[in-house]
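The values are calculated or read from the model by the stated rules, or taken from the named source; none is laboratory data. Remember, it's a predicted structure, so these values are computed and weren't measured experimentally. Note that each Cβ is placed from the backbone with ideal geometry, even for glycine, and that neighbours are counted across all protein chains shown. To get the accessible areas, we keep the full protein, side chains included, count just its heavy atoms, and leave off ligands, DNA and RNA. Shrake-Rupley method; radii C 1.70, N 1.55, O 1.52, S 1.80 Å.
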Amino acid sequence: MTEHMRSTTKPLSPDDRAQSLAHDPLKGIKVVDFTIIMSGPMCTRALADSGADVIKVEPPSGDTLRQRQPMRSNISTYFASMNCGKRSIVLDLATTAGKQLARQLAGKADVVVQNFRPGVMKRLGLDYDALAALNPRLIYCSISGFGQTGPMAHAPAYAPVIHAASGYDLVHMGYQDGVDRPANNGIFTADVLGAAQATSAIHLALYDRERTGRGQHIDVSLMDSVVGMLIYEIQAAQNPTDRRRQVYQPVRSNNGFVMVAAVTSKNLHTLFDVIGYPEGKSDPRFSTVAAKEENWTALLQIIENWTSRHSGAQCEEILMRAGVPCARYRTVAEAMADPQALHRGAFVELGTREEPFAVANAPYRLSDSNVVARALLPHLGEHTDEVIAEMLSADSAELAKLRAAGAFGPC
């Protein structure tokens, strides 16, 4: 059974009214989604948010994340957060009938996205060359750890492996004090970055197709995505400096920690006035960028002498009011409940009325287009018959033959 967003009887705000008049920018675009786990599903969810018809092709056992906690209303909310707005079909790609159906669906699609290890889709006869021969307008996006070609192309990789291989983990470790091993992995930056890059590339290819009339292959590397994020570090690796880079460090409040980022001279002078240390404005230790970096520890001690006498909320309120960037350290739950997040509609509530849960919207707002997490929460294979009938004009007898041939898994 499909779940929907909870209904509301609240009057529409001006923003809600504007959104109700907006259009779906990718309406009419059909996406066949062979992806699993995280990087691929996040990419295709972004397409679904923009109104694309995303058809998630799953094996009979389903995407692995369907079984991951937390669970609400018999569905993994972790899975749902990356797959809402899609239709789910089951195809057994180990069978001839399943592979043939996949080829036929790709022949009708605008976009195919897959994140298997290079070579898997070719063995199945579902690689770009094979499908583009059937559908020259097809945009085919491959997401992998190291890219589709090269000496590492066939190496297995998940985000934690990419974090280690890219230099990201050792760079992060080098910015910490008193640690002797890289940090544990729990936030999968490589997957998030790869998904964002893949989504951007698909948009670009769709635009280019309007001019050329032809699709193309997109090759996204998680490794390249993470290395490319290390803007300063790439330059420092080629041109090492004689001093450690200035890093921003937390300072104590009387009930936790705050981050103060007085980046500009104006920020710093204002900060000195607010914390009652006006002499800091003429202190030679902080008069230039180089001097400030050289005396960074002393500066943090001066700041902490003030912040440690105030709560995190007080530090944030006083400094931000004065124009000095500052934030107390908060939990994810606190960030989700922030009035600014509520104002921007940063989250959408999905699930049942009895067991709702929130998922994040895209971080951008378009003035005349509707980009929002969609209400559809697909159960495994829920739309198989519907999609095959709709896209391939199969009637009930043909569906029965396909089922008997094992196209949808064991009978």
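Here is how the numbers come out for the structure above:
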item: Accessible solvent surface per residue of region 162-220, calculated while the other protein chains remain in place, 1.4 angstrom probe, Å²; result: 59
item: Protection-proxy order for peptides 194-201, 352-359, 123-130, each taking the mean of Cβ atoms within 10 Å per residue, highest first; result: 194-201, 123-130, 352-359
item: Local electrostatic count at Ala397 - Lys and Arg +1, Asp and Glu -1, tallied over other residues with Cβ under 14 Å; result: -1
item: Kyte-Doolittle mean at least -1.0, axial Cα span of 24 Å or more - DSSP H helices of the chain; result: 189-212
item: Accessible area in the full protein assembly, largest first, 1.4 Å probe, for Ile231, Ile55, Ile37; result: Ile231, Ile37, Ile55
item: Computed [θ] at 222 nm, helices only, for the chain once each DSSP H run of length n ≥ 4 contributes -39500 (n - 2.57); result: -11500 deg cm²/dmol
item: Percent antiparallel among DSSP beta bridges (both partners in the chain, rounded to 5); result: 40
item: Rounded percent of accessible protein surface that carbon and sulfur make up, region 292-346, 1.4 Å probe; result: 54
item: Long-range amide H partners of Ile37 with built H, under 5 Å; result: Thr64, Leu65
item: Global form of region 213-365, assessed from the alpha-carbon gyration tensor, a/c cut-off 1.5; result: oblate
item: GNM result for the chain, Cα springs below 10 Å: residue of Lys281, Lys30, Lys99 fluctuating most strongly; result: Lys281
item: For peptides 39-51, 313-325, 385-397, sequence by mean Cβ density within 10 Å, most packed first; result: 39-51, 313-325, 385-397
item: Cα-Cα over 24 Å, subset of Lys30/Lys122; Lys108/Lys401; Lys122/Lys401; Lys86/Lys108; result: Lys122/Lys401
item: Relative contact order, percent, the chain [alpha-carbon distance under 8 Å, six or more residues apart]; result: 24
item: Solvent exposure of region 29-160 as accessible area per residue, Å², 1.4 Å probe; result: 36
item: Residue (of Leu138, His217, Ile187) at the positive-pole extreme of region 136-229, dipole from beta-carbon charges; result: Leu138
item: Largest to smallest principal axis extent of the C-alpha atoms in region 108-220, angstrom; result: 57, 30, 21
item: In Å², nearest 10: area of Phe34 left accessible to a 1.4 Å probe; result: 0
item: Modelled FRET efficiency - R0 56 Å, Thr264 with Tyr158, Cβ distances, 0.05 increments; result: 0.90
item: Most fluctuating residue given options Gly256, Gly174, Gly215, as computed from a GNM of the chain linking Cα atoms under 10 Å; result: Gly256
item: Region 74-161 - percent of accessible surface contributed by carbon and sulfur, probe 1.4 Å; result: 56
item: Relative contact order for region 220-286, counting Cα pairs under 8 Å that sit 6 or more residues apart, in percent; result: 13
item: Solvent-accessible area per residue for region 229-296 (1.4 angstrom probe, square angstrom); result: 62
item: Around Ala48: net Lys/Arg minus Asp/Glu count, Cβ-Cβ under 14 Å; result: +2
item: Gyration tensor (alpha-carbon) shape descriptor, region 14-134, a/c threshold 1.5; result: oblate
item: Stokes-Einstein diffusion coefficient of the chain, Kirkwood radius over Cα pairs, 20 °C, 1.002 mPa s, in µm²/s; result: 88
item: Between region 73-89 and region 178-215, the alpha-carbon center distance in angstrom; result: 21
item: Cβ crowding within 10 Å averaged over residues, with 299-305, 59-65, 239-245, 332-338 ranked highest first; result: 299-305, 59-65, 332-338, 239-245
item: Euclidean distance between Cα centres, region 360-411 to region 99-151, Å; result: 19
